[in-house]
Amino acid sequence: MFISIEGGDGAGKTTQARLLADNLKSLGSDVVLVHEPGGTELGEMLRSWLKETGKEISPQAELLAFGAARAELVENIIKPALAKGTIVVADRYSDSTTAYQGYGHELPLDVIERVNSIATQGIYPDLTFILDLDSAQAYNRGIARDNESNERRFEDMHESFHSRVFRGFREIAANEPIRCTIIDSSKPIDLIEKEVLDYLAYAGYI
Ligand code: TYD
């Protein structure tokens, strides 16, 4: 089973991905939690470069950098884990590229799809939870987090970028309603955690 948790910045997906992985482990499953970009040597290098240098790169370079990080993660971690029957929980995956580089930076969606298919080797999640938040609320959470962590990711991006990203995730969910479930992430953390588990139980996964 392969589950991804997606959403715009500030939607709380890292918290939910951790909770889900812990809950599945306490139900007795083997679980690997991955966080994109990252998880391999190249992925971590690209992560710190993309997140910490604060340097502007072109959307095309960004697309290929996230693609390279994902290609390594799929080949070295995700594919072997799934082959062993381990559950993979991914904190972001290919939908992030569609939403950020496709909808956010407005690169052509067919190009995004081709890069995603190379990077993933056609391995896509069985289920995806998309944490959705009003983009203005997410923007405010993001600014607050930037201030805490001394990052400047939000300040540097206009709110319109983030609202395109959130719209992108909603469109992805509308196009693939069987794989994707939208969750209102303005709810308290424990309610979202329960909603995810209830959905997995209802769908017969746990
Ligand atoms: P993330 O690590 O989720 O941020 P954090 O854990 O600090 O909340 O994501 C890093 C940033 O990279 C985030 O702004 C989204 C962006 N991103 C893309 O633009 N495209 C992608 O394919 C991925 C995986 C992330």
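Only one residue in 28, 54, 38 is more than 13 Å from the ligand (Cβ to nearest atom) and at positive phi. Which one?
Unique residue meeting the criteria: 28.
What is the number of the single condition among (1) surrounded by fewer than 21 Cβ atoms within 10 Å (Cβ to Cβ); (2) closer than 18 Å to residue 127 by Cα; (3) over 18 Å from the mean Cα position of the chain (by Cα) that residue 54 does not meet?
Result: residue 54 passes all but (2).
For the range 69-95, which positions are charged (D, E, K, R) and within 14 Å of the ligand (Cβ to nearest atom)? If you could, list the steps in order and put the result at the bottom.
Within the range 69-95, the subset charged (D, E, K, R) is 70, 72, 75, 79, 84, 91-92, 95.
Selection gives 70, 72, 91, 92, 95.
Residues that are of a type outside the set (A, V, I, L, M) and free of Cβ contacts under 8 Å to residues at least 24 places away in the same chain: which helices (runs of 4 or more DSSP H) entirely in the range 1-107 hold 3 or more of them?
Answer list for the range 1-107: 13-26, 41-52.
Just the residues that are more than 18 Å from the chain's Cα centre (by Cα) and surrounded by 13 or more Cβ atoms within 10 Å (Cβ to Cβ), please, taken from the range 108-119.
Once the filter is applied, which keeps residues that are more than 18 Å from the chain's Cα centre (by Cα) and surrounded by 13 or more Cβ atoms within 10 Å (Cβ to Cβ), the range 108-119 yields only 111.
Here is a check on your reading of the model: is residue 114 out of contact with any helix residue (DSSP H, G or I) (no Cβ under 9 Å at 6 or more places or on another chain), farther than 30 Å from residue 190 by Cα and either at pLDDT 95 or above or within 15 Å of the ligand (Cβ to nearest atom) (or both)?
Values: out of contact with any helix residue (DSSP H, G or I) (no Cβ under 9 Å at 6 or more places or on another chain): yes; farther than 30 Å from residue 190 by Cα: yes; either at pLDDT 95 or above or within 15 Å of the ligand (Cβ to nearest atom) (or both): yes.
Answer is yes for this residue.
Is it true that some residue in the range 173-196 is loosely packed, with under 15 Cβ neighbours inside 10 Å, in contact (Cβ under 8 Å) with a residue 60 or more places away in the chain and assigned to a loop (DSSP other than H, G, I, E, B)?
Looking through the range 173-196, none of the residues is loosely packed, with under 15 Cβ neighbours inside 10 Å, in contact (Cβ under 8 Å) with a residue 60 or more places away in the chain and assigned to a loop (DSSP other than H, G, I, E, B).
From 12, 7, 67, which residue is surrounded by 17 or more Cβ atoms within 10 Å (Cβ to Cβ), under 23 Å from residue 138 (Cα atoms) and out of contact with any Lys or Arg (no Cβ under 6 Å at 6 or more places or on another chain)? Write out each step before concluding.
On the way: 7 fails: out of contact with any Lys or Arg (no Cβ under 6 Å at 6 or more places or on another chain); 67 fails: under 23 Å from residue 138 (Cα atoms).
None of the other options fit; the residue is 12.
Is it the case that the range 142-151 has a residue that's at pLDDT 80 or above and within 16 Å of the chain's Cα centre (by Cα)?
no
The values are calculated or read from the model by the stated rules, or taken from the named source; none is laboratory data. The shown structure was predicted, so the numbers you read here are calculated from the model rather than taken from an experiment. Positions of Cβ are generated from backbone atoms using ideal geometry, with glycine treated the same way; all protein chains shown enter the neighbour counts.
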